Structure formats: C-alpha cells, structure tokens
Amino acid sequence: MGKVFWAFVRKEFYHIIRDKRTLLILFGMPLAQILIFGYAVTNEFNDAEIDVLDYARDEASQQLIQHLQSSGNFVVNNVLTSEKEIEAGMRAGNAKVVVAIPDDFSEMLYAGQPQKVQVIADGSDPNNATTLVQYVTQMVNSFEMERREISPNPYQIGIETRMMYNPQLVGAYNFVPGTIALILLIICAMLTSLTIAREKELGTMEILLVSPLPPLLIIAGKVTPYAFLSFINAVLVLLIGYFVFDVPVVGSVGLLLLMCFLYVVTALSLGILISTASATQQDAMMRSLMGLMMPSMILSGFIFPLASMPLILQYLGKIVPATYFIEILKGVMLRGVGLNFILFEVGILLLMTVVLLLLTWRNFKIRLE
Amino acid sequence: MKILGYLIQKEFIQIIRNKALLPMMTILPIVQLIVLSNAASNEVKDIKIVLVDKDQSEISRALTNKIVANDRFTLVSAPFDNQEAFNLMQKNQADIVLEIPIDFEKAYYRGETPKVQMLVNAINGQQATVGSGYLNSIIASLNAEIIQREPMMISTVQNQIASVVVSSNSWYNPELKYPHFMAPGILAELTALLTIVLSAMNVVREREIGTIEQINVTPIKKWQFIVGKLVPFLCVGLILLTVGLIASKLIFDIPMRGSIALIFGYAIINLICVLGLGLLISNFANTQQQAIFVAFFFVMIFILMCGLFTPIDSMPKWAQYLTIPNPLAHFISVSRKVLLKGSGFVDIRWEFIYTFLLAIVFNTLAVWSYKKQE
C-alpha cells in the first residue's frame, strides 16, 4: 500500500512541477508579497506635498516654511497668495494639507502673544489628515521652542518609553507572520480545493475512485505534496524575513515549525471541505476567495487591528483560524514565548481542526453524482 | 454589425443563465462594502494597559483615574510586580505597561523631573506610536493641571508656555468618517476585480469545453470576437457599480459631490481596460486553472499596490511609478476624488490619459494574441 501511495504522491508532484502557472503561485506569489509588504506598503509619510498660504511674507514665516521642510515629512508644493487657491490643489490631489500663516505672525511670535497657525487638511483620507496635522503641530511647536529659547520646565513628568520586541519600529515585524499565514492558506486550502475540483470537472476523479486505492489515501496523496511545498514556502518566507528584513526568530524554531504544521493541517482540512462542496473550479475559486482569502486578510488583524473594529466583526474575526495562527507566530517569533503562553490559541486551533476534519469526513462522498 | 449583435446576444444569454453570477453582482458587493468599510481602519481605539503603581501617591492615583476615564484605554490589571506585568504583555493581554517608580511624587515636587517607565508592545510599529502618543498627551495634560493648581509653580513656568497654537480643520470630511473614504475605493476595486476574473475565465472556458472550435470555423473576425466578449461584461461591471453606488449612499450616506456622469464615463474606459487584461490572460492559458492562477497573481499585486489600504504617496518613488500600469489605482483615485471632493475632469485628466493608453495596449494585445488556428 505504501508503495502505491508514494507513486500517487509522485504523480501529483509532476502535475505541480510541470505547470509554470502553478509554480508562479507557489513561489512567485510569496516572493512578490513579501517584497511588496517589505518595501512598498507603509503608512509612514515622507515628502507629503503641502501648500502654504503665507499672509505674513516676512523672515519669520520664511523660516517656518523652511523648518517644515527640514523634517523630511513635507515638501512645499505651492506658495499661495489667496484663500481662493486652496481648493484647486486639494481637488487635484496635489496638496494634502494647507498651512495658513497669519500676517502678524512675526510680531506675535516675538511678543509672545497667543496666535493661531491654521492647518487645513484634506479630510477625504482620515488617516492622512490626522497624521499630517500631528506632524505640522509638532514642527510648529519645535519651531517656536527654538526661536524663543524656552528653558525646560523642571516640574515635569518625564516619560521613558521603550518599544518592546521591535525597537526600531520596523514594519516587517508585523507583516512577516501575516504573510506566512496567508501563503500557507492560499497554497493548502485554495490550491488543494482547486485541484480536486479540477479532477472532478475533467472526470479523472472517477478513474481514481474506481482504482484499488482507498478514497482516504487518494485525498492524502493529493494533499501531501501541497503540505510539503507550503512548508518549504513558510521556511522561505522566514529566511527572507531574517536575511533581508532582519526579522528575528526569538523563540524556539522547533516550536514554530510545529505550529506551522498544525496550521497546515487546519488549512488542508478547510481546502478539502471546500472541494467536497464545490463541483466546478469556478465554484471552488469563488468559495476560497470569498470564504478564506478575504477574511484572512481583513479580519485576522493582519493589516488592520481587530480591536478597533465593530463588535460583530471582532466576533467574526474570532472564527478565522488565521487570527490565532498569527497570534501564535507573533508570540513565538517575536516575543519568544514558550508553549505555556500560547496554550489558548493552540487549543482553539486544534479544536477547529478536529471540527473541520469531522465535517469533511461526513461530507466526503466516494460516489459521484 | 449583425454578426456582432448575435455574438453579444449569445454572451448575454450565457450570463443570464449562469445562476452563480446574479448573487455575485448584487449581494457580494453589498456585503463586502459593509464589512470592508468598517474593518479597514487604522484608528487605535482600544489600548489595553497595565499599571504598576509603586508610588501610591496623589499624582499616581490622579494619573490612574485619568487613564481609566479615557475610553481609548482599558485597564487590564494593576499588579505591584514588574514580572507579572511583563508576563501579561508576553501573553498579548497588554499593549502598554506603565510603571510609576517609588517616591515619584516627592521627586516631582523637588523639581527633579522624575520619569515614569512606559513599555510598549511595538510589533505593529504604527499602532505602538499612536498608542503611546495618546498616553503621552494624557500625562502632559495631567502635568499642566498640576502646575495650574500650584501657585508656586505657575510663577516659575508662566512665560514658558508655548503661545503658537495650531488650529486645524478638515475639508470634505470634517468628522473624519472612515467609511466615507473607504467605500468609494472598495467600490472601484470590487468592480474591477469581478470583471477581470470573469473575463479571464471566459475565453478559456470555451477553449476547455471545446466550443471555441465552433466559433473559429465561422467567418467571425478576431476583433468581433473580442468586442463580443467585452460588451456584455462591460454591462455587468456597470450594473455592479450602480448597485454599489446606491448601496453606499443608502448605508453610509457617502457624499456625491462630483458629477456621476464623469464617474460612469471614466468607469467605462477603466472597465474596457481591465477586460482587455482579463482577455489577454485568458488567451495565454489553456485551462481555467491556469487562467485563475495568473489572474490571481496579478489581482493580488494590484490590490496591495492600488492605494486602497495604504496611501500611494507614502510608497517609495519607484513603487509609485509601478502603480501607473495598475488600472485599479487610477479607478480608486478617480472615484475618491470625484465623489468626495467634487473634482472635475481637469483634476483627473492624468488618470484618464493613463487608463486610456492602458486600455489601448491591453486590448490590442488581446486581439493580436487571440489565434484562430492552433
């Protein structure tokens, strides 16, 4: 029996290796994703374009404009002369923020009278607006401090902040675990459900089912190569994270791989479940895209924090396996915790796997309709 | 012309007979709109904090009260032991650990500027910065209150309070409502996505089933075949867009400041562009699976780089240039500009030009690469 099984696994391997497009998904996708997340996708601001409406037009206001640009966060696009021009830059999307300096700016600056610098932000992007207004406020405050040489106040609560686990605030620390979870899911769940649906659609499933191999072995033979390849992928992402983006593995590597294995089993059972429910490839594709990909990206806390979502979505996020897996990965990889700290997440993942396997068991049919 | 009419008719009949397509055009966009618009927010609303108050003084209690009263913060526990607090953070039950050292209050009144310790879970760097920023401002406001209360301090600090005030207001979306920003973007993404997947699967399906042979032996010209595929899916895309616009108006009350005609005019060009890409992918695949994989690969990259979730402006310059051949990025930018800011044609001319060029390139390639003979 063992020999036949391995022959079957080998057949499946050939299927994968021979198709360029499958290889594209298998290896091109994780590579593209990790590079995009690593280099291109950030929420930080460099060189945000702003307009300045300078009523004062004197030395002090010039210096303020200089000071704003010196931070590296802003590039002044246009210096406007009247209020009417504000709208044009915003509509075209060339100005995210307009800073208006009042005409008595310098007098008031030296006299120490309270005064207002107005900031008008393009609120159509709320994220941008709040962050940029914060930056401008900081820069204006530091400008004033410098100019008026204010001595520090002794009566102050000092704050010593330590950024734990990620002192440099590198984005990669957050996305490497998320990417691993996503890749494992795509390969294990989507690819397996697609290949099984394909065999059904082409009619080759029937041939396999009438062969002397027990159906369970057929399924096992189909998923083994994917499990193996997804494992290689997970290691690949970890290596790229480590060597290119300096993301460490603080905890035990053995435990990490064990957890990956657990998640692979969960994802595989999901994939088989989807394939039992769908008759065509189009079906399987839609189900795995909508049922797996979207929730795993959006509701798992990978890109957006779960805690800020409405309650219903938080509950929905709790039934997404990726939520727990990402938590486990962050724990073991970055916080360096042992098994005793992640027992809850591991338990939930195990429970999910058992339930999914039972469901698959019940839905799996040896006969084709 | 008559041939083209029949081709389009045939395609429409196929679409209408497909039971799976109708819910995808109506329910799917609405569900996605609701879920994504609510989920995709980078706000930091719930920060779990652990306080280690070793001082137990008036100041430390005032600080505790201030933090508890702020609804952004949830006090998880207040142990006396650093190790216990750190364990909570290891278990991910705490985002911030704030430690107030012994004799803090005494040192404060002596003017020694004592320090509280703040440990921040910084795995998500952006969240960590925002969260610790909130706590910083709470502490600063407490400090200001104490100074106000002590006449002795006021006199020494008086002329040191900053006097330049930055007042800010936000145009177009004064309450900074997140769904107003997300909904138009998601709508654009969804429309482009569905049409690209449908068109990529379509030709290849005919090839796999074998019906394409029957078309190949007829006198139908190449461009007629491609246009016959384009028009029906264009209609599907426009229906989806209409349903989505109505849904986001009803559910989120998003503003529609610009001209709707401009949106639809642009959408037609953009849809022709993505349909051309879909057909191109379809032409180069022999099986549906292959088409799905290639389409999936591109779609994934398009979505991550289209500016829907993270702003294009904050990408490095080379990555910003890479978004030029991404039709999704232009669509999202146009729908946001026109709907939220009421931009006119002049403001979005570049998006128009790029999309137009891309549409020509993709569709020419699609016609060129469709071969009647194997």
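Could the peptides B:265-273, B:243-251 be put in order, highest first, of the mean number of other beta-carbon atoms found within 10 Å of their residues?
Highest mean packing first, the order is B:265-273, B:243-251.
Please work out whether chain A counts as rounded, prolate or oblate from its C-alpha gyration tensor, where a ≥ b ≥ c are the square roots of the eigenvalues and a/c under 1.5 means rounded, while otherwise a/b larger than b/c means prolate and anything else oblate?
Note, shape of chain A comes out prolate.
If you take the charge dipole of segment A:48-164 about its Cα centre, with +1 on Lys and Arg Cβ and -1 on Asp and Glu Cβ, which of A:Tyr135, A:Ala100, A:Ala88 is farthest toward its positive end?
Going by the Cα projections, it comes out as A:Tyr135.
Among the DSSP beta bridges whose two residues both lie in segment B:47-160, what percent are antiparallel, rounded to the nearest 5?
If we restrict to bridges inside segment B:47-160, about 30 percent are antiparallel.
Considering chain B as a Gaussian network with a 10 Å cut-off on Cα pairs, which listed residue, B:Phe86, B:Phe296, B:Phe233, attains the greatest mean-square fluctuation?
B:Phe86
Taking the Cα-to-Cβ direction at B:Asn286 and at B:Gln148 and moving 7 Å from each Cα, how far apart do the two end points lie in nm?
7.8 nm
Within 10 Å of each Cβ in A:168-176, how many Cβ atoms from other chains are there, averaged over the peptide? Don't skip to the answer; put the middle values down first.
Numbers: counts 2, 8, 3, 3, 1, 4, 7, 1, 0.
Neighbouring Cβ atoms belonging to other protein chains average 3 per residue here.
Nearest 0.05, what FRET efficiency do B:Ile353 and A:Leu23 give at R0 = 22 Å with Cβ-Cβ as r?
For R0 = 22 Å, the calculated efficiency reads 0.05.
Indicate the gyration tensor shape class of segment A:48-164 (rounded, prolate or oblate), computed on the Cα atoms with a ≥ b ≥ c the square roots of the eigenvalues: a/c under 1.5 is rounded; otherwise a/b larger than b/c is prolate and the rest oblate.
On the way: a/c = 2.33, a/b = 1.25, b/c = 1.85.
It is oblate, given that a/c is not under 1.5 and a/b is not larger than b/c.
Which net charge results for the neighbourhood of A:Pro225, defined as the other residues with beta-carbon distances under 15 angstrom from its beta-carbon, given Lys and Arg at +1 and Asp and Glu at -1?
On the way: positive: A:Arg10, A:Lys11, A:Arg18, A:Arg198, A:Lys222; negative: A:Glu12, A:Asp19, A:Glu199.
Residues near A:Pro225 contribute +2 overall.
Nearest 10 degrees is fine. How inclined is helix A:215-243 to the longest principal axis of chain A, computing both from alpha carbons?
Tilt of helix A:215-243: around 30 degrees.
Summing -39500 (n - 2.57) over the DSSP H runs of n ≥ 4 in chain A and dividing by its residue number, what mean residue ellipticity at 222 nm do you reach, to the nearest 500 deg cm²/dmol?
About -18000 deg cm²/dmol.
Could you work out how far helix B:58-69 tilts from the main Cα principal axis of chain B, as a 0 to 90 degree angle to the nearest 10?
Long axis of B:58-69 versus the principal axis of chain B: about 20 degrees.
Given a cut-off of 23 Å, name the pairs among B:Lys54/B:Lys106; A:Lys20/B:Lys317; A:Lys116/B:Lys115 whose C-alpha atoms lie farther apart than that in the structure shown.
A:Lys20/B:Lys317; A:Lys116/B:Lys115
Taking the Cα atoms only, what angle lies between the long axis of helix A:2-18 and the longest principal axis of chain A, rounded to 10 degrees?
40 degrees
Show the residues, 5+ positions off or on another chain, whose built amide H is closer than 5 Å to the amide H of B:Ser168.
A:Val119
Take the alpha carbon gyration tensor of the protein assembly as shown, find the square roots of its eigenvalues, order them as a ≥ b ≥ c, and report rounded if a/c is under 1.5; if not, report prolate when a/b exceeds b/c, else oblate.
The shape class here is oblate.
Anyone know which of B:Glu11, B:Glu112, B:Glu175 comes out most mobile in the 10 Å Cα GNM of chain B?
Comparing B:Glu11, B:Glu112, B:Glu175 in a Gaussian network model of chain B, the most mobile one is B:Glu112.
Could you order peptides A:60-66, A:179-185 by the average number of other Cβ atoms within 10 Å of their residues, highest first?
Numbers: A:60-66: 17.4, A:179-185: 26.3.
Highest mean packing first, the order is A:179-185, A:60-66.
Once you average over the residues of B:310-319, how many Cβ atoms of partner chains fall within 10 Å of each Cβ?
6
When we measure straight from the Cα of B:Lys177, which aspartates and glutamates land under 12 angstrom away, once same-chain ones fewer than 8 places off are left out?
A:Asp125, B:Glu43, B:Asp253
Place the peptides B:30-36, A:209-215, A:244-250 in order of packing, highest mean first, counting for every residue the other Cβ atoms within 10 Å and averaging per peptide.
So the order, starting with the most tightly packed, is B:30-36, A:244-250, A:209-215.
Read-outs throughout are calculated quantities, based only on the coordinates presented, and are distinct from any laboratory measurement. Every value quoted in this text rests on a predicted model; they were computed, and no experiment measured them. Please note: Cβ atoms are built from the backbone with ideal geometry, for glycine as well, and neighbour counts cover all protein chains shown.
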